[in-house]
1. With charges set only on the Cβ (+1 for Lys and Arg, -1 for Asp and Glu), what does the dipole of the stretch 2-158 come to about its Cα centre, in debye to the nearest 20?
2. Just to be sure I understand the model, the point goes 7 Å from the Cα along the line to the Cβ. What's the resulting residue 70 to residue 34 distance in nm?
3. Just report the Cα centroid separation between the stretch 61-82 and the stretch 1-46, whole Å.
4. Given a Förster radius of 45 Å and the C-beta distance between residue 12 and residue 61 as r, what FRET efficiency does 1/(1 + (r/R0)^6) yield to the nearest 0.05?
5. Sort 8-14, 65-71, 130-136 by the packing proxy (mean of other Cβ within 10 Å over each peptide's residues), most packed first.
6. Collect residues whose amide H, placed 1.01 Å from N in the peptide plane, falls under 5 Å from the amide H of residue 45; neighbours closer than 5 in sequence don't count.
7. Below 8 Å, C-alpha to C-alpha, sequence gap of six or more: please give me the relative contact order for the chain in percent.
8. Once you place label points 7 Å from the Cα toward the Cβ at residue 154 and residue 86, how far apart are they in nm?
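Any read-out appearing in this document is the output of simple, stated calculations on the displayed coordinates, not a laboratory observation. Being a predicted model, the structure only gives us computed values, none of them experimental. Please note: Cβ atoms are built from the backbone with ideal geometry, for glycine as well, and neighbour counts cover all protein chains shown.
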Amino acid sequence: MKWLLLSTIVVILDQLTKLWVISALAYQERVQVLPFFAWVRWHNEGAAFSFLSSAGGWQRYFFVTLAIGFSAFIVYEISRLQKHERVMGWVYGLILGGAVGNLIDRIHHGYVVDFVLFHYDSYYFPAFNVADSALFCGAVLWIVVMIAEYRQSRNQVSVDSDG
């Protein structure tokens with residue numbers, strides 16, 4: 001199950017970087033590295049883009065439950081992969097690692113530690129972390145796979161109808 005190893009690597013990198021941030025920066029501290037990039041220590045009690053971050057606390061349990069259920073589903077999907085489905089292995093491995101990395105934060109802290117911040121003047125992209133990056137890369141790769149499969153099936157239908 002090399003895809004579970006990929007997930008484990010993502011979780012380890014995510015947690016090590018978050019430990020570094022927690023030990024090096026105070027809450028809400030910001031260290032400007034480049035004009036468009038800073039290290040920060042922010043706590044996100046919500047989901048992507050701070051969705052539901054000020055919902056009163058119930059969202060922690062909701063996101064923990066959602067992450068556990070989704071992670072179990074991804075582990076099941078990994079167990080069903082055929083040897084030739086390497087790209088979907090990458091998709092599932094990255095997504096599982098990201099989900100578990102943020103799940104650990106929610107269980108341990110009650111929030112997710114974010115520390116990468118890109119900005120331009122007064123325009124800010126929401127801060128993120130290694131787990132978020134893995135989730136994003138896995139989702140983008142999944143979309144690429146779906147587009148490729150759609151094109152392949154469309155071409156197959158075209159060939160079948162011509163013959």
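1. Details: 11 positive and 10 negative charges, 85 e Å.
That gives a dipole near 400 debye.
2. 2.9
3. The two parts, judged by their Cα centres, are 22 Å apart.
4. Working: r = 26 Å, r/R0 = 0.57.
Rounded to the nearest 0.05, the efficiency is 0.95.
5. On the way: 8-14: 18.9, 65-71: 14.6, 130-136: 21.6.
Ranked from most to least packed, the peptides come out as 130-136, 8-14, 65-71.
6. 112
7. The normalised contact order for the chain reaches 30 percent.
8. So the label points at residue 154 and residue 86 sit 2.7 nm apart.
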